[in-house]
Structures are given as structure tokens and as C-alpha cells.
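Visitor: Dumping the structure here so I can ask a few things about it.
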Amino acid sequence: MPGTFTPSAYLPILIFLVVATAFGIGALLIGELFRLKRPYPEKLMPYESGNEPVGEPRIRFSVRFYIIAMLFVVFDVEAVFLYPWAVVFDRVGFFAFIEMIIFIIILLVGYVYAWKKEAFVWD
Amino acid sequence: MISQLFFGYFAAVIIILSLLVVTRKNPVHSVMWMLLMFFHIAGMYLFLNAEFIAAIQVIVYAGAILVLFLFVVLLLNLREELQTNRFIGSWPAGLVIAASLLLSMIAALRSFVPGPSGPYTIALIEKETHTRVLGQVLYTEYLFPFEIASLILLVAIIGAIVLAKKKVRS
């Protein structure tokens, strides 16, 4: 049921988040309140002594970034399964060790496939 | 009392942030609001005594999946979406669907009976620590779903490479 459990061990993290947020907002707010505002056209140029910008800042990214991100997600999830396994390794023993070896071998097939398909080559 | 207050805060803020995600015109802004929403969902998990899931929410969703979303947004290079309307005009159809979903949810909640509480009480989890309890159940009772998870991840790897890496140089 929601509202029956209080994670009191996480109070330091809450304080940390509150202080970090207050610091970020506070720094911007104080700067906004106290700095001088005397704009003139030369000051508002993107680069004071450079070229005028040409074209749009947004360009189409290469599809290779997608493969990198996707492989990152997959191996991130694999690492997530390793955490609880490592924590209970002394209790679940050899059986879970074999289990994890099978798990890693199945993912190794994908890794070898990605390697052979040159997914890690940028060119 | 305090935990109910926090639950109310998380519930309200998650709804507001989800609305911000679907209504912003700039897709990059949507993704940034989604990041904040993922953190609030992690906080909600903490108050449901699901410490490990909360950590995974931050590591996998806020860390990896959000990067994937951001790359896809940059990949598509949505320039027209910034000008055009995001929603199609037929709001009566949307209203009907939303109302029927809400009604079916209320009907389902009225017949909801909480099951008998299992052996894993809050006191036991606190004594054993959350990750140990989870690991012990996952790697003994649920070993088959765990191995299935590796096959799903394998499909994800192969699918991504087949979709995005068409040509193979000989």
C-alpha cells in the first residue's frame, strides 16, 4: 500500500537533493538580481570578433549513435542483473554461478554478432 | 502521515510532468521533462519499499534509455514538428477513449481485493536488506524468467544492428 512505508535511510539523499536544487536556482537568481544589464548590439552578437553563424545549429545525427545507445542499454541491463547476483553469491552458490554463466554466454552471442557486423567500427 | 504526504507529492508531480512531456512542442524539452519524471518515479518506488527498483529506475531509465530517446530525437531531426500542431483535431474520439479507460479502471479498482501478504514483510526486508532478498528469490525461484531475459536482450542487440547497420563491407 502506498503511504505505509517511509524510507528514512534516504533522508540524507533528500537533503542533498534539496540543497543542490536550492543552490542551482539560488545562483541563477542572485546573478539575475545583482548583475548590470547594459546590452548593446556588439555585446549581443554570438561571437564578438568571429564570423556570423551560417545555417542551423541542429544537424541530423548519424544513425551510428543509435547503435551505440542501444548496445549501451542492453549491456547496462546485463550489468543490472549482475548486482543482486554478486550480493547473494555466498548464499545461492554454484548453481547460480552456472546460471549466470549461461546468461552471459547468451549475451556473448549478441556481442560477437555485433563485433562481426562491425557495429563497434566508426569509419 | 509523512509518507502519505510524499506519496501525494510524487503522484501529483508525475501527472504534471507527464502532461508537460506530451504537450511540449520541442521534442528535446519533452525528453528533459521526462528525465525529471523518471527521477520522481524512482522516488515513488522508494516509498513503496522497492529500493532496488528505484536504483534501476535511475541507472537504466534516466541513464541509458533517456540517452537512447535523445539520440532518436536528434536522429529524426524534427524540424516540422516545431511548427505544426502536435495533436490531431479529433478530440471527441480522444475524450471517449479516455473516459472509457477511466471508467474501466474505476470498475476494476472497486472489485480489487489485496491478496494475502507473503513472507517478505517490511521488517524482514529491512533486516536482510532489499537487494539480498531480491537476489535470493530471483536466482532460485525465478531462474527461467531470468534466462529468458537474456534472450530478450539478445533479440534487442540483433534487432538494433539489423535495423541500423544495413550494408556490410566485404
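Visitor: Could you give every pair whose Cβ atoms fall below 6 Å, whose first residue belongs to segment A:64-80 and is in contact (Cβ under 8 Å) with a residue 40 or more places away in the chain, and whose second residue is assigned to a helix (DSSP H, G or I) and of a type in the set (D, E, K, R), counting only separations of at least 6 or pairs across chains?
Guide: Nothing qualifies.
The rows are residues; the columns are (1) β-branched (Val, Ile, Thr); (2) more than 22 Å from B:Leu48 (Cα to Cα); (3) within 11 Å of another protein chain (Cβ to nearest Cβ); (4) free of Cβ contacts under 8 Å to residues at least 12 places away in the same chain.
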site	(1), (2), (3), (4)
B:Gly94	no, yes, no, yes
B:Met105	no, no, no, yes
B:Gly118	no, no, no, yes
B:His130	no, no, yes, no
B:Gln136	no, no, yes, yes
B:Tyr139	no, yes, yes, yes
B:Leu143	no, yes, yes, yes
B:Ile152	yes, yes, yes, yes
B:Ala156	no, yes, yes, yes
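Visitor: Give the residue, chosen from B:Ile16, B:Ile53, B:Ile125, B:Ile106, that is modelled with pLDDT of 90 or more and either in contact with a helix residue (DSSP H, G or I) (Cβ under 8 Å, 6 or more places away or on another chain) or of a type in the set (Phe, Trp, Tyr) (or both).
Guide: B:Ile53
Visitor: Only one residue in B:Leu5, B:Leu70 is exposed (fewer than 14 other Cβ atoms within 10 Å of the Cβ), part of a helix (DSSP H, G or I) and either facing another protein chain (nearest Cβ under 9 Å) or touching a residue at least 60 places away in the same chain (Cβ under 8 Å) (or both), so which one is that?
Guide: Among B:Leu5, B:Leu70, only B:Leu5 is exposed (fewer than 14 other Cβ atoms within 10 Å of the Cβ), part of a helix (DSSP H, G or I) and either facing another protein chain (nearest Cβ under 9 Å) or touching a residue at least 60 places away in the same chain (Cβ under 8 Å) (or both).
Visitor: Run down A:Phe97, A:Phe16, A:Phe23 and say which single residue is closer than 27 Å to B:Tyr61 by Cβ, within 14 Å of chain B (Cβ to nearest Cβ) and not aliphatic (A, V, I, L, M).
Guide: When all the criteria are applied, what remains is A:Phe16.
Visitor: Here's something else I'd like to know. With of a type in the set (S, T, N, Q) and within 30 Å of B:Leu75 (Cβ to Cβ) as the only criterion, which of A:Ser8, A:Ser62 stands out?
Guide: The match here is A:Ser62.
Results for (1) away from chain B (no Cβ under 11 Å); (2) within 15 Å of B:Leu154 (Cβ to Cβ); (3) surrounded by 11 or more Cβ atoms within 10 Å (Cβ to Cβ), shown as yes or no for each residue.
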| position | (1), (2), (3) |
| --- | --- |
| A:Ile30 | yes, no, no |
| A:Leu33 | yes, no, no |
| A:Asn51 | yes, no, no |
| A:Val54 | yes, no, no |
| A:Val63 | no, no, yes |
| A:Ile68 | no, no, yes |
| A:Gly110 | no, yes, yes |
| A:Trp122 | yes, no, no |
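Visitor: Could you list, in sequence order, all residues of segment A:70-105 that are farther than 18 Å from B:Gln136 by Cα, of a type in the set (A, V, I, L, M) and crowded, with 16+ Cβ neighbours inside 10 Å?
Guide: Listed by number, the residues that qualify are A:Met70, A:Leu71, A:Val73, A:Val74, A:Val77.
Visitor: Turning to a different aspect of this structure: Report whether or not A:Glu118 is touching a residue at least 24 places away in the same chain (Cβ under 8 Å), among the acidic types (Asp, Glu) and at the interface with chain B (Cβ under 9 Å from one of its Cβ atoms).
Guide: In short, no.
The values are calculated or read from the model by the stated rules, or taken from the named source; none is laboratory data. As the structure is a prediction and not an experimental result, all values here were calculated from the model. Please note: Cβ atoms are built from the backbone with ideal geometry, for glycine as well, and neighbour counts cover all protein chains shown.
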